[in-house]
Amino acid sequence: MERSVLLLLVLVAALVAAQQDVANTFCPICNMVVVPSIAQAIKGNQAVYACDMAGHFHQLTTSPATFLRGAAIVKQLPEPYTHAKMGCPVCGELSFTHAIPWAPHGNQKIFACSEDHAKQILANPTAYFTSTPQNDTTDFCQGATGMYDGFQSAFHGFCPRIFFESWVLDSTIKYAIGFIGVVLLGVAVEALTDIQAALQKRFAKRYAVSIWAKEVDDEDALSKELLACDNGPHLVSRRLPLWCKAILAGVYMCTMAGAYLLMLVVMTYETGFFFAAIIGLGLGFYFFKDVDDLVMEGNPDPCCST
Ligand SMILES: [Zn+2]
Ligand SMILES: [Zn+2]
C-alpha cells in the first residue's frame, strides 16, 4: 500500500515537472516536428519551438507578431501542453482562459490568464521573451541547417551541415575546407568517368573474347555498316571476362557514390557549394576528358575494328 502511494507520488511529481511534449510539437511555419534545442523561452515557463530549416526560428523570433493570431478562449490545456507546468507570461497566474496560436501551421500557443493579458502579449510579444535565443552564433554564421529555403549563402546566414549531423561548417576555415572538398569531389567524379571509359577500352582490346562469323544468315538483324564491308569475317559480339566486368562495376559504383554525394551537397541549396560542385565538374572535364578521343568514340566501326 505504502509503495503504491509512493509510486503515485513519483508519477504525479514527474507529470508536474514535465514540460510540453516536444515530440508532438510542430513548427508554425512548415508544420515539421520541432527540434527541442531550437527554442525561444517565454515568461511563465512557456516557449516557442521551431524546426531546423534555415530561417524558420529566425523569422519566429524576430517578427513574432506576424505569426501570432488572435486569442481564443481555452477551457483546458490542449495537446501537446496537457502536462506542461506554465504560468501567464504577464502575471504568472497558473490558470488560463485564453490561448494565442502561432500560425499558419503547427500546434503551438502562448497561454494567458485573461483576455486582457492575451491582448498585452499580442501587442508586443517580444517583451515577454526571456533572454536571447540559445547562442550558437559565430562570426561566420548561426545555427545549422541541412537545407536552405531556396538558394542562400552561409556567409552571415545559417551554417551549412553536410552529410553528417556533426558536420556543421560554422567557421570560415571549415567552410573553405568544405568548398575545396566539394570541388575535389566534382573533379573525382569526372576523373572516374574517364577511368571507366579508358579501362573498358583497354579490357576490350586485351581480354575480350571476340566471336566472329564468316557467313551472315540473317541479314536484317545486322546494321547497314556491317553489310557495307562484306569481305572477310564479321565481328558478331565481344565478351569480357567476369573479372573485367567486376572491376568496371566497382569503378562505376565509385563514380555513382561520388555523383550522389555531390547531389546531396547541391541539395543543401547553399549557393557557394553549388558553384563548388560545378567548378569541380568543369575542372575534371578540362583535365581528364580526352576531348579529341571523344570524336573517335562517337564513330564506332563494327566491321574494321580489331
Ligand atoms: Zn519550420
Ligand atoms: Zn496574466
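The values are calculated or read from the model by the stated rules, or taken from the named source; none is laboratory data. Bear in mind the structure is a predicted one, so any value in this text is a computation, not a measurement. No Cβ is skipped: glycine too gets one built from the backbone with ideal geometry, and neighbour counts run over all protein chains shown.
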Flagged in segment 233-260 as of a type in the set (S, T, N, Q) and either surrounded by 12 or more Cβ atoms within 10 Å (Cβ to Cβ) or outside any strand (DSSP E or B) (or both), in numbering order, are Thr255
Top-ranked residue of segment 59-79 - restricted to ones that are within 16 Å of ligand 1 (Cβ to nearest atom) and touching a residue at least 60 places away in the same chain (Cβ under 8 Å), ranked as surrounded by the fewest Cβ atoms within 10 Å (Cβ to Cβ): Thr61
Odd one out for Thr126, checked against (1) farther than 20 Å from Pro28 by Cβ; (2) loosely packed, with under 15 Cβ neighbours inside 10 Å; (3) among the hydroxyl-bearing types (Ser, Thr, Tyr): (1)
Matching residues in segment 261-297 - criterion: being more than 16 Å from the chain's Cα centre (by Cα), without any contact (Cβ under 8 Å) to a residue 40 or more places away in the chain and surrounded by 12 or more Cβ atoms within 10 Å (Cβ to Cβ): Phe275, Asp293
Considering only segment 239-261, state which residues are in contact with a helix residue (DSSP H, G or I) (Cβ under 6 Å, 6 or more places away or on another chain) and modelled with pLDDT under 90. Leu240
